[in-house]
1. Show me the three semi-axes of the equivalent ellipsoid for the stretch 113-238, from the C-alpha gyration tensor (sqrt of 5 times each eigenvalue), largest first, rounded to whole Å.
2. Looking at the chain as a GNM with Cα springs under 10 Å, which of ASP68, ASP82, ASP127 has the largest mean-square fluctuation?
3. Which number do you get for Rg(Cα) / (2.2 N^0.38 Å) in the stretch 160-316?
4. For q = 0.14 Å⁻¹, what log10 I(q)/I(0) does the stretch 67-149 give under the Debye formula with an equal point scatterer on each alpha carbon and no solvent?
5. Apply the Karplus parameterisation 6.51 cos²θ - 1.76 cosθ + 1.60, with θ equal to phi minus 60°, to every residue of the stretch 91-103 and state each ³J(HN,Hα) to the nearest whole Hz, in sequence, with x for glycine and proline.
6. About the Cα centre of the stretch 185-316, what is the dipole size in debye to 20, counting +1 per Lys and Arg Cβ and -1 per Asp and Glu Cβ, all else neutral?
7. Let me have the 222 nm mean residue ellipticity of the chain computed from DSSP H runs of 4+ only, each contributing -39500 (n - 2.57), with the sum over all residues rounded to the nearest 500.
8. Taking each pair of distinct Cα atoms in the chain once, what is the resulting Kirkwood hydrodynamic radius in Å?
Amino acid sequence: MPRILILGATGYIGRRVASRLIESVRTQEKALQLQKEEIIPVLCADPVSNPEPYLATVRSSSIDIVIDVSGANKQSHAFLNDLKRLGQERIESYRKRGIANGPKLGFIYCSGTWVHGSSNRPVTDLDLVGPDSMTAPQELVAWRVKLEDEVIASNDILDAMVLRPALIYGRESTIWSPFFTPVLEAARNKIESPIEIPLEAQSKPGLVHIDDVATAFQNAVEKLPIIAGANVYPVFDLVTSQESMREVFDAVGACFGYAGVIQLKGHGDDLFAKAMSTTFRGTSARAELLLGWRPRRRGGFVKDMDIYCMAFAAGI
């Protein structure tokens, strides 16, 4: 198993990715090794503003692949440049030993389908994103387009890949907290007055379960050298369903036992709510074909909403 450093391993996505990678170990020898080592934390408040602990770990522990699920901001460009510097050091160290094509440092960056913008037209991960595309990216994540380009362009130094999950649900459903919590609290307090939620009722977001996202990262780790070596365009959208936001909140209200009316009033000037309201009609065909990704939660969010609401409520 390659040595992997996960940026954001304590976050919503990071915890599931770390757990899935550990669970993927199949031999007794490797299982015993992980039982001894488990996950080694690198304590650092912000890997972007203070990257040295992470960079030192990459160098000293001979890390093979860095996975960035930190959701860091525009300063992530600086961290990528630092990582490329370490990648170049690795290449030069192999050349000094007479090895012209030694293994590169791997980098898997977690972006998201919001870079496609909001549209009902069909899109794939081969479609152009950014200001020159047919649909502009959501303002909240527009900066990711340039970072994605830089990650892809680093393939002369790094084995690089970009995964773009759609709107994630499942387990604690962290990203849904600002919108689910008012409904849950009203139900618990027997309040029946209308609740206003700053989302677009007519939006139809693309969705994917957190467990399927974690599995995609596991597959990406396994396929990264092959994809990089084959010069395949290393960007993959992850989506398993497209569902109406109106239907989502009708199901949420019913599952929490809220007897009032949930009014989806529109996002207003809230950039996060606007991004959450992104309509995305995409496909994961390339991820399934090239990464061997086999998502298991294809039934969608609404179908098993009672399970997801129960999990969410348990964490509040």
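Read the figures in this text as sums done on the coordinates, not as results from a lab. Since this is a predicted model, take the numbers as computed values, not measurements. So basically every Cβ, Gly included, is an ideal-geometry build from the backbone, and we count neighbours across all protein chains shown.
1. Equivalent ellipsoid semi-axes, largest first: 34, 18, 11 Å.
2. Of ASP68, ASP82, ASP127, the most mobile in the Gaussian network model is ASP127.
3. 1.15
4. -0.61
5. Listing the rounded values in order: 4, 5, 5, 5, 5, 5, 8, x, 9, 7, 10, x, x Hz.
6. Details: 14 positive and 16 negative charges, 71 e Å.
Charge dipole of the stretch 185-316: 340 debye, to the nearest 20.
7. -12500 deg cm²/dmol
8. Values: mean 1/r = 0.0483 Å⁻¹.
One decimal place: 20.7 Å for the Kirkwood radius.
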